[in-house]
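Colleague: Mind having a look at this structure? Questions to follow.
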Amino acid sequence: MESLERKKLLILGGPALMSDVVSKAKELGVYTIVTDWYEPEKSPAKKLADEYWMDSVADIDGLAKKVKENGIDGVFTNYTDSYLPFYVNLCEKAGVPCLANMHQIETISNKDLSKQLCIDHGISVSKRYEITSIEGIDNLDVTFPVLTKPVDNSGQRGIYVCLNKEELKVKYQESLEFSESKNVMIEEYVQGDYTVMFYTVQNGHVTLATMSDKPVYGNFENNLPKLPMGYFLPSKYVELCKRIMLPKVQSFVTDLGLQNGVIGIEAVVKDNDIFVFEMQFRLGGMRHHNFVLKENGMDLLAMLIRFSLTGKFEGWDASECDNASFKNAYCSLNILIKPDTVAKIENVDIVKGMPEVYASQQMIYEGDTVRLAGTVQQIGFKFSLAATSKVELLKAIQKIYNTLRITNKKGENLILSLNYAETLLGGVNIM
């Protein structure tokens, strides 16, 4: 394989999750540059990079010029849907490798288009109710609860659960505010077991990399959706997924002409079927690549970085390495906090030092304020855990909750669901 030593990578966006990318690229000998318009205090990956720019990711012409002037070998982005169109345009203008074209990105990322993609390929989805304006709600023959969802947003922003038509009218209008295209879906709220699947696409061939069970927190308070408390691997539905989902995902990947990359699919399992409600052509916040590396030895993040610099998605054969039926137990644990201003964070190093914790990501710091309830803004930390069994994993999780403290100015603990693992050990079967 071609050496990546001294190659230059421009990374679009510096949120906390992108720190993984900077660290992995530097491990590979790559010179890293992070750009967005935020100061390093609000763009954590900039602090780790060899260099950072203050250019907006939307400044395609300016960035393309700098890419050429500075001898940049590749451009990379992930984790954020809104950056993907800028990534595609910049790669095309600068003449560097790109994982997908605009049609492929939009078809997968847009909630409206991806829903139709599923229907076209026999994948179950929730029922959609068609209206063209808020006035059409009065004439809807609808079974509640339903969701309002902007077709072009992520991070659960603008998604609301509605229990009657009066709520639907209000929340439909609020969802519109989160949609740049002013297009909002109303769809049936399918209730069942939440799951997240990640598929690797290598040379047009699709493999199931991971499937996780996703217990959630919340009870639709203020019409907000439930938040992911964590992702547990392997899912109890892996064999079901291989049987009914994998062939259909391969079908739409072939139709779209996708060759390489990662597809994330969020779904609900109900009545021995899988109902898809969202898809992404990118890595997700659970950082499934860490689990793939630890369990199966394939460094997916390194492969994505290599593609950005060389145009080759290589280093491992996904058809041989990917196996979602993990032998060990894993969790990407989200520490959810209440909307408030964080005054003090304690005992983080103790948690990081636990033998079960092998990776962590801090999303919020002392002095930060969480304002948007029901969104990923409420995730304060992400901890990646590994254990030999589900019981040992849950014991470690409860120890984290007993140890970590995040408090407001009054000294009140802001962490939600302190007895989460204890509850699961009491009889809730998530694996």
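The values are calculated or read from the model by the stated rules, or taken from the named source; none is laboratory data. In this text, all values refer to a predicted model and were calculated from it rather than measured experimentally. Neighbour counts run over all protein chains shown; Cβ positions are idealised from the backbone, glycine included.
Colleague: Is there a residue in the range 157-166 that is assigned to a helix (DSSP H, G or I) and farther than 22 Å from residue 245 by Cα? Don't jump to the end; show me each part of the working.
Modeller: Going through the range 157-166, the residues assigned to a helix (DSSP H, G or I) turn out to be 165-166.
So of that shortlist, the ones also farther than 22 Å from residue 245 by Cα come out as 165-166.
Yes: one or more hits.
Colleague: Pairs please, first residue from the range 384-413 and touching a residue at least 12 places away in the same chain (Cβ under 8 Å) and aromatic (Phe, Trp, Tyr), second anywhere and assigned to a helix (DSSP H, G or I) and crowded, with 16+ Cβ neighbours inside 10 Å, Cβ atoms under 9 Å, 6+ apart in sequence or on different chains.
Modeller: Every condition considered, the pairs that remain are 401/420; 401/421.
Colleague: Still on this model: Quick check on this structure: which one of 405, 371 is farther than 30 Å from residue 296 by Cβ, at pLDDT 95 or above, out of contact with any Ser or Thr (no Cβ under 8 Å at 6 or more places or on another chain) and of a type outside the set (Ser, Thr, Tyr)?
Modeller: Answer to the selection: 405.
Colleague: Can you give me the number of residues within the range 100-156 that are in contact with a Ser or Thr (Cβ under 6 Å, 6 or more places away or on another chain) and surrounded by fewer than 18 Cβ atoms within 10 Å (Cβ to Cβ)?
Modeller: 3
Colleague: Could you list, in sequence order, the residues of the range 392-414 that are over 15 Å from residue 352 (Cβ atoms), in contact with a helix residue (DSSP H, G or I) (Cβ under 7 Å, 6 or more places away or on another chain) and among the hydrophobic types (A, V, I, L, M, F, W, C)?
Modeller: 394
Colleague: Helices (runs of 4 or more DSSP H) wholly in the range 278-368 with at least 2 residues that are under 24 Å from residue 387 (Cβ atoms) - which ones?
Modeller: Those helices (runs of 4 or more DSSP H) span 288-296, 300-310, 348-352.
Colleague: Can you find a residue in the range 72-81 that is touching a residue at least 60 places away in the same chain (Cβ under 8 Å), in contact with an Asp or Glu (Cβ under 9 Å, 6 or more places away or on another chain) and more than 17 Å from residue 262 (Cβ to Cβ)?
Modeller: no
Every residue, every condition in (1) within 30 Å of residue 241 (Cα to Cα); (2) buried (at least 18 other Cβ atoms within 10 Å of the Cβ); (3) acidic (Asp, Glu), yes or no:
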| residue | (1), (2), (3) |
| --- | --- |
| 321 | yes, yes, no |
| 333 | yes, yes, no |
| 354 | no, no, no |
| 359 | yes, no, no |
| 383 | yes, yes, no |
| 395 | yes, no, no |
| 404 | no, yes, no |
